[in-house]
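Worksheet: one structure, shown below.
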Amino acid sequence: MKIAVLGGGGVRSPMLAKSIINRAEQLGIDEVVFMDNDGEKLRIYGGLSRKIAGLIDSNISFSLTTDPVEAVKDADFIITTLRVGGDKGRTLDERIALSHGILGQETTGAGGFAMAMRSIPALLEYCKLVKENAKPGALIFNFTNPSGLVTQALRDEGYDNVYGICDNPSGFIKELETFTGADHKDVSVECFGLNHLSWFRSFRVKGQEKIDELINDPLLYKKTEMRFFDPELVKSMGMLFNGYLYYYYSREKAVENISKSGKTRGETILEINNQMHDELASLDVEKDFEKAIKIYMKYHKMREDSYMAIESGTEREDKKELEFDLGVKGQDDGGYAGVALNFVESLVTGRETEMVLSVPNNGSIEGLNDNDVVEVTCRIGKDGAKPIKIGKVDEMQMYLIRQVKLYERLAAEAIRTKSVETARKALMVHPLVNSYSLAKELVKEYLEAHSQYVGQWH
């Protein structure tokens, strides 16, 4: 079995490689290819990944390439993790939005639209290559942000082999498992909404509902991602929140905190990644692996600790020192790789499991179209992913879901057809923009800023 990673020169690649190789034997994976069109980043982060793979299991074929056809040739599974325009593109997205007094977060609102403008055309090309060169029935796990919108656009083009994955829901579930002391195999959740716009209305341990107990525990708001939210709001809704809902429920605070800090999240990440690159660039990362991995983990910790710190004005309580661990074979479920690999495991073994994915609604959430891509708990088995039945959703949540889903439909259409008019309509209905005149200006500025990636629109 072959797995190809498109965007294998990204800074998260070493962790991804570790997860894949730790479970390769278990899943029948014998070939892994990391592809990136940036040769220098592939040398550094792909090189670290290759060394890690060799240390864990030298019997697995692990290669690097800048050729996407070579990467996807005869692949069974493809993971896409692209950042078209790099970190600099992200900072532009954020600053352009902030110049108009609105949030520029990279996956949400105006910033998310700008990222999607660059991501979707690139991924449509890669999906075509997969169709032409990969094995029949090959699945694509899309982690490229904004994941839900990107998955919607790819599905709209007929690529029904694409599943959107995100490590935020799985990461939050792990936080809750740690917080409650529950074993993962005993936990079942009901998550519903859209990517980076989802709620958890059930968290059961051995069949016992724990939502009310969690919501009323003051420590929840210190030790988990729920620290971003006012407990009164959480209690009034009676459910737990995806951390990205902070940008909707406290958008003026987010904008104020960013403005006060003088630095956006993207600028923080750009600075961290540039410093890491400068230190690693002079090394042969495979020969000097011990030194290289220490540098890598130092900056990995800085990225982790800075997550939503500026926007929310809060910091993680558990700032643990991070050391690189090759992991225990078959037990490493880390990050988005874990979601993709758990999916593969269920396909291979037939063992049913639950996970949160971005998939077509197909009747899961009442009031949405069947082809609307939603983020929802799915049951995975030999027949693939099937969203659980969520049914009717409270109007408070449904109002926001419908509004953002309309934006996603329009945005996907605008980007696929390169329509300026449709792009304006998309941003106009987004709750974090909500203005035609503002949408018109944002579309103009984003098209100018990213012309080398998006081409001519009409």
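Readers should treat all values here as calculations from the given coordinates under stated rules, not as data from a laboratory. Note that the coordinates shown come from a computational prediction; the quantities given were computed from them, not determined experimentally. Note: ideal-geometry Cβ built from the backbone for every residue, glycine included; neighbour counts use all protein chains shown.
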Trypsin sites (Lys or Arg not before Pro) restricted to DSSP loop in region 268-306 with at most 12 other C-beta within 10 Å: LYS287
Filtered trypsin sites (Lys or Arg not before Pro), region 387-458: DSSP coil and at most 15 other beta carbons within 10 Å: LYS389, LYS392
At most 15 other Cβ within 10 Å, DSSP loop - GluC sites (Glu not before Pro), region 359-407: GLU366
Global geometry of the chain, whether rounded, prolate or oblate, following the gyration tensor of its Cα atoms and the 1.5 cut on a/c: rounded
Reach of LYS287 by Cα under 25 Å, taken over lysines that are not fewer than 8 positions away in the same chain: LYS18, LYS41, LYS51, LYS298, LYS301, LYS329
FRET efficiency estimate (nearest 0.05) - Cβ-Cβ, ARG303 to ASP186, R0 25 angstrom: 0.20
Assigned charges on the beta-carbon of Lys, Arg, Asp, Glu; the chain dipole about Cα centre (debye): 460 debye
Neighbour-count ranking [beta-carbon atoms within 10 angstrom, fewest first] of HIS458, HIS196, HIS100: HIS458, HIS100, HIS196
Distance between region 437-458 and region 184-235 - C-alpha centres, whole angstrom: 39 Å
Relative contact order %, region 36-145, counting alpha carbon pairs below 8 Å whose residues are six or more apart: 32 percent
